[in-house]
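For reference, the structure is listed below as structure tokens.
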Amino acid sequence: MKILITGFDPFGGASVNPAYEAVKLLPDEIKGAGIIKLEIPTVFKKEGEVLEAGIEEHRPDIVICVGQAGGRSGITVEKVAINLMEARIPDNEGQQPMDEPVCSDGENAYFAKLPIKAMVQKMREQGIPARISYTAGTYVCNDVMYRLLYMIEKKYHNMRGGFIHVPYLPEQVIDLPDGMPSMSAEMIAQAIECGVEAALENEEDVKAVMGETH
């Protein structure tokens with residue numbers, strides 16, 4: 001069993017990205033599964049190409065992509081990726097697509113192919129703030145999640161995959177407004193490890209009341 005876990009490089013003028021900083025802290029094996037760590041660029045479409053190259057090289061059973069969601073107070077396991085690129089800021093190569101599809105022949109949206117409720121549940125059991133998110137945004141995080149699920153739908157039918165958003169690191173919020181939430185790289189890594197364990201333990205998701213009222 002092999003699990004490919006990706007994290008983005010820094011973007012938007014930042015010197016660090018909590019996603020890959022946490023991924024680097026993961027052990028090389030979790031519950032007997034080999035962990036492959038891959039840094040991907042914060043660039044529309046190119047991240048998908050780098051991801052697919054990693055999939056072709058390693059042939060993982062599960063892929064979990066990780067990205068930063070500055071302003072969120074906990075770990076958010078994403079439920080859905082939408083077929084839309086709408087960039088508030090340019091990516092790391094200056095691209096700023098607006099109202100464009102990720103894949104012209106793809107569905108309007110794809111749901112994660114992971115037991116996301118079980119993942120959130122396991123994180124909470126370890127005292128880590130975590131919840132399901134129903135929007136991965138319209139930037140490069142959504143882009144790579146959509147491309148991953150599109151690849152699963154079209155080509156890698158036996159592979160499972162999804163996306164986890166993580167908060168800022170403490171050092172990133174020093175000069176941001178008072179009250180901006182953050183989380184240590186160590187806790188983020190622990191949360192990702194919990195997510196991996198839950199994915200290994202659950203082919204089907206658990207029955208649990210989660211969701212949103214708005």
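Does TYR134 satisfy the criteria of being at pLDDT 95 or above, in contact with a Lys or Arg (Cβ under 6 Å, 6 or more places away or on another chain), open to solvent by 20 Å² or more (accessible area, probe 1.4 Å) and among the aromatic types (Phe, Trp, Tyr)? Criteria met by TYR134.
Within segment 167-189, residues that are in contact (Cβ under 8 Å) with a residue 40 or more places away in the chain reach partners that are among the β-branched types (Val, Ile, Thr) and part of a loop (DSSP other than H, G, I, E, B) with beta carbons closer than 8 Å, at six or more positions or on different chains, in the pairs LEU169/VAL16; GLU171/VAL16; GLN172/VAL16; MET180/VAL173; PRO181/VAL173; MET187/ILE128. Whenever a residue of segment 75-96 is closer than 30 Å to GLY211 by Cβ and open to solvent by 60 Å² or more (accessible area, probe 1.4 Å), its partners that are assigned to a loop (DSSP other than H, G, I, E, B) and acidic (Asp, Glu), lying with C-beta atoms within less than 9 angstrom and at least six residues away or across chains, give the pairs GLU86/ASP99.
One line per residue, one yes/no per condition, for (1) modelled with pLDDT of 95 or more; (2) assigned to a helix (DSSP H, G or I); (3) over 19 Å from the mean Cα position of the chain (by Cα):
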| residue | (1), (2), (3) |
| --- | --- |
| LEU148 | yes, yes, no |
| MET151 | yes, yes, no |
| TYR156 | yes, no, no |
| ILE164 | yes, no, no |
| PRO177 | no, no, yes |
| PRO181 | yes, no, no |
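Among the residues of segment 13-21, at least one is over 16 Å from the mean Cα position of the chain (by Cα) and on the phi > 0 side of the Ramachandran plot. Among the residues of segment 22-50, those that are open to solvent by 60 Å² or more (accessible area, probe 1.4 Å) and within 17 Å of GLU171 (Cβ to Cβ) comprise LYS24, LEU25.
Taking segment 146-174, which residues are under 20 Å from PHE44 (Cα atoms), open to solvent by less than 50 Å² (accessible area, probe 1.4 Å) and of a type in the set (Lys, Arg)? Matches in segment 146-174: ARG147 only. Looking across segment 55-101, the residues that are in contact with a strand residue (DSSP E or B) (Cβ under 9 Å, 6 or more places away or on another chain), within 24 Å of PRO170 (Cα to Cα) and among the charged types (D, E, K, R) come down to ARG72, GLU78.
The values are calculated or read from the model by the stated rules, or taken from the named source; none is laboratory data. All figures in this text were calculated on a predicted structure; none of them were measured in a lab. Neighbour counts run over all protein chains shown; Cβ positions are idealised from the backbone, glycine included. Heavy atoms of the whole protein, side chains included, go into the accessibility calculation; ligands, DNA and RNA do not. Shrake-Rupley method; radii C 1.70, N 1.55, O 1.52, S 1.80 Å.
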